[in-house]
1. Take VAL588 and decide whether it is in a loop (DSSP other than H, G, I, E, B), β-branched (Val, Ile, Thr) and buried (at least 17 other Cβ atoms within 10 Å of the Cβ).
2. For the stretch 1010-1065, what are the residues that are crowded, with 19+ Cβ neighbours inside 10 Å, of a type in the set (S, T, N, Q) and over 40 Å from the mean Cα position of the chain (by Cα)?
3. For a quick check of your reading of the model, give me the residue pairs whose first member lies in the stretch 215-237 and is assigned by TED's automatic domain parsing to the domain that holds GLU294, whose second is among the aliphatic types (A, V, I, L, M) and crowded, with 19+ Cβ neighbours inside 10 Å, with beta-carbon atoms closer than 6 Å and at least 6 apart or on different chains.
4. Return the residue satisfying two criteria in turn: it lies in the stretch 966-993 and is among the basic types (Lys, Arg) and assigned to a loop (DSSP other than H, G, I, E, B), and of such residues it is farthest from ILE875 (Cα to Cα).
5. Which of (1) under 30 Å from PHE615 (Cβ atoms); (2) modelled with pLDDT of 90 or more; (3) not basic (Lys, Arg) is the odd one out, the single condition GLY542 does not satisfy?
6. Does PRO1178 fit the bill of being modelled with pLDDT under 90, within 27 Å of ILE1067 (Cβ to Cβ) and within 28 Å of the chain's Cα centre (by Cα)?
7. What number of residues in the stretch 665-700 are farther than 21 Å from LYS831 by Cβ and within 16 Å of the chain's Cα centre (by Cα)?
8. Just to be sure, is LEU516 assigned by TED's automatic domain parsing to the domain that holds LEU426, modelled with pLDDT under 90 and closer than 26 Å to ASP301 by Cβ?
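The values are calculated or read from the model by the stated rules, or taken from the named source; none is laboratory data. None of these values were measured; they are calculated from a predicted model. With ideal geometry, Cβ positions are generated from the backbone for all residues, glycine too; neighbour counts draw on all protein chains shown.
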Amino acid sequence: MADLVLGLAKSAVEGTLTLANTAIEKEKLLQKSVKCDLMLISDEFEMMHSFLTAAREHIKNDMARTLVRQVRNMALDVEDCIESAVHLDKKSSWWRRLLPSCMPPAAQAAALDDAVHDIEQLKARVEAMGERNRRYSHIGDSSSKPSGQMHQEAVTNATALDVLVVARDSMDESDRLDLLKSISKNFDELQLQVMSVWGSASNVGMASLIKEAYDKPEIRKNFTRRAWVKLMHPFNSHEFIRSLLIQFYTNCCPQQGGTVGVLKPMEVIEARKNGLIKEFMEQLNNQRYLVVLEDMSTMDDWDTVRAYLPDNRKGSCIIVLTQQLEIASFCIGHSSCVSELKRFSDDHSVCVFLKKDRGQDVLTTKEKAARIWLDKFQRVRVGREIDLSELHVAVHAANREVIFVWGIAGVGKSSIVRHVYFSEVLEHKCSNFERFGWVNVSHPINLRDLTRSLLLDLHSESLQHCSMLRIKDPIQECRDLLHEHRCLIVIDDIQSVEEWDLIKAALALRATESSLKSRIIVITNEESVATSCATMNWNVRGLEFDEILDLFKKKVSEKTGSSDVSMEVIEQAKRILHKCGGFPRVIVSIADFVSTQLKENRLNLEGWRMLNHNFMLELETNRAFGSLQGLFSWVHSYFLTCPDYLKPCIFYLSLFPINHNIQRMRLVRRWIAEGYCRDNKQSTALESAEEFFTKLVKLCMIRMLGSAILISSFGMPLCQANGFFHEYIISRSMEENLVFTLEGSCSMNSQRTGRHLAIGSTWDRDINVFKSIDFSRLRSLTVFGEWRSFFISDKMRLLRVLDLEDASGVMETDIDQMVKLLPRLKFLSLKGCSHISCLPDSLGDLQQLQTLDIRDTFIIMLPKSIIKLQKLQFIRAGATIQLDDDTGMINILPQSAGSTSLTMPSIRRPHDTPVSWLPELSIRRRITGSRNCCVKVPGGIGRLTALNSLGVIDVSVERGEGILKELRNLTLLRDLGVSGINRNNSHKFFGAISGHRHLEFLSVKFDNDNLGCMDGIAKPPVNLRCLKFYGLVGKLPVWMMHLQSLARVNLHMTMLPQEELDAIENIPNLRILCLFLKEFQDGKLQFGRHFRQLHALEIACNSRLQSVTFDSGAMRNLEVLNIRCSSVSSTVFSGLEQLRELKEVWLWGSYHVALKQHLQNQLGQHPKQIKPVLREEPRLS
């Protein structure tokens, strides 16, 4: 985990360096001595940043780790100290106050003295470290392996374990390979046989197993010429021949009773080279031989040795002993079979690679392997139907010569591709492919080895297989084959764009290759590689929880031989499976472990508890999970290669419990408050934070909830930390990741400290334990479950983030204490605190506050002092309301900047539990204090010019006109939600925001008196991307149809006439349309030949909607149809077959089973080869 420590240290140093330089630049009148001190600190931290960059490759020893950790802690302390001084001066002239103590004291002199003292101490620490530069030299330990080598080893280990699993699965214990028979099996066919013996973890047992067979009497009798040669490096052909001839003499004499026809050892030693070769070839051509080659380490050595050992058609045999998987496979060919010879431990077996005897078999070796694999995969396949179907179609599609499949390691990419590949192998007579080849890329890449291996696999079933070894230019041969024949090629484990460019150039693949007859599937872990190298790429995501549970049950049933898994086992397993991250490899390993325990009657509650509470430790150390060791090697290298600026965001995820739903903007705003994302020349802090979030999703650190298509279409706002990575992070020491949690019953521990504290819902709330903790460096506090007033301490002076969204029992008196004791707060969330109805006027003292979230509280008025908070960027208020019992719940909250999340009716079946992952679509309570479920804002709100998100605010109040005028000043708004728009104020409202060029998300709740209020408005915000109307009566505004950036429209109306519905099609770039209507014209919704650009449609259905019709040619690009139901039983859908690109139909809410069956029948008749899938409302257990 040293890589994470290094990343955190670099991020801390960068942040401190930025802050120090900013302080220097902003204060023109800085006292010279103080400015010099700051410049010294800045220079030293710049050097530290360079030092940490250089340290990346070598941070291995304890001294280096300690140094990096000290640098990180010092950087954070300096940052806290500078921010403390900034906070003490509200006029941005704080450096003037850092004067010698002899000067007359100014206001807040005591606090300033403390700040000066702290800076002087930190300066001394920085100077001391600078003087002790010799410590830095410890970083350059040459014994450390560079990250590239570590990554290569991790990939190699993961591949080796994959092969080991295949070897063990290839046959039962009773079917274990008989080595003696395998060596002698080619006597009848008289063909040369090559066998490779490989040790999965070491060379233990390899030589002894072969030696035992080598010395058997029947082997001595059948092979008159035997030799065992340990290869020299570099290879010496003369000594090689001498060794063989001497052993031929030694081994054949006892059997033949003399030395006839064989040179004696002394004659061999004295013979010249030409004579040796002549004698050697005579022996090999006329006699059956057995040669064991030990320590084969390179492909060049094999090519050279193989040239000296011809196929004499007498049933000879060559046995290669190697510790390198690539060599073992190369000597035989990739399509050969691998079998376990003997198992020494869970992670070490001796395996044999050999060609199976085709004999009288109808199927080829590759076809038999395909049938075995597909049969096994089919029994446990879950959740991959769409991926498999689409990849099958893409393989045969025109202009799809190269297809990239990408996703994180362990997610199942190779299994999906292998399913398609083997299916084509079995169906090759009707699939039009003539040859099939699968090659794994070695690193660093060697094009000759890669193309030679590919040729061997392509010719694995032909008589030309052996001749491939002698081809002088395998690259040209491979290139010709791909262009002249229809081949299906899989290239596995491309790691960079540069690697693909080399392969593409070698195989003469042009950017737009239209003449290539072959199809190439490339597998990679990197999205950047897939998107840069091909227009056609597939992202393979982890399994959803229902799929995880299904896979677990299938695997346990298969292993135990039972058709059913008990509910007790399932309930216990659920706790574990949430931690598997959706990775099939981990899920299968857990299932295998549970199956073994069940068969041996050793599975009990204590075993479950140990596995649950020590999940990562058990997986890393328990020999039963030996097959995962390669995955852990990969995970370590994965963290190592993650950008350093993302690492603080990664460990931050461990603050939230496993399987906990997190809103995207909650994370984004917290990262900004923590200083992980800052304004720079290229982007704002918010834009950087959103980019970080997107990257963590792509890295699979964060898992969005819902299917991939649903997320891409509607931008679902909720996520979870990936369970596997979450457990991996928290399993590292608290000293490294700076996060500590209070769970269960904790004892007093002076070492329990850190920068971030999470109080879990299971903690027993022991006040004595809490008071024993050192909070002097605490930056964030997150509370889950019951709140206690003692959670706020005067020791938390540096606290930046206070997140009480998941806390219960917070009182208004607690808010007073928070404001008094936590002056440095930048993020304050009281979301869902139902006992809060007002905020104290002292809120204005939180001068650093950036984010205030008071949604779902009883607060209906913001305090007047809020206008003092000049750094406030984000105000979220309001609550869900119920418009009509028959149309479900709607949410009038605007979405966060950059979000396109659903705000549709949240409805559920009466017999279901609430949908925990859609909190914004559910109603917590009925708010009665404000008729619009919004908040009133004080005069002067226009002074908060840093605001980029504001809502929901009530503009229908007496001072509403003044508020509308002040909105003109908030030109940085990206997200705005207002309530109370009517005929009297609509023109003033849109006039106030018409010049807001940053405004992208607008949510408007209309008063009842709004008929015609949108008429005559000619200048709306031009860059709107998302527009939501609630309660609009009459026609839609004409200006909507001319917004070039508008991609999403949400309409919550009583009725939308057909001509108005048709007019929406004129919006040039509309991609998402959401309709929530109470009444329907003639009881139906009809979509004609319109909406050609629409990708996603959402409809709210109630008992008054009788039919939904899609005419011929309608919505040709629609991919997702969401149907929100409220007691729906008889709505008829027709014309779904007209939706040519439809992929998913989602059912939400309360509906009769007849509706589900009706939709299934409709989708079953869809003309697409890959039928659209009907999905139901996602649930988490």
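1. No: the conditions fail for VAL588.
2. Across the stretch 1010-1065, the qualifying residue is only ASN1010.
3. So the pair list comes out as PHE223/LEU290; ARG226/LEU290; ALA227/LEU244; ALA227/VAL291; TRP228/VAL292; VAL229/LEU293.
4. Step by step, filter the stretch 966-993, then rank; the result is ARG983.
5. Of everything listed in (1) under 30 Å from PHE615 (Cβ atoms); (2) modelled with pLDDT of 90 or more; (3) not basic (Lys, Arg), GLY542 misses just condition (2).
6. Here the answer is no, as PRO1178 does not meet what is asked.
7. 9
8. no
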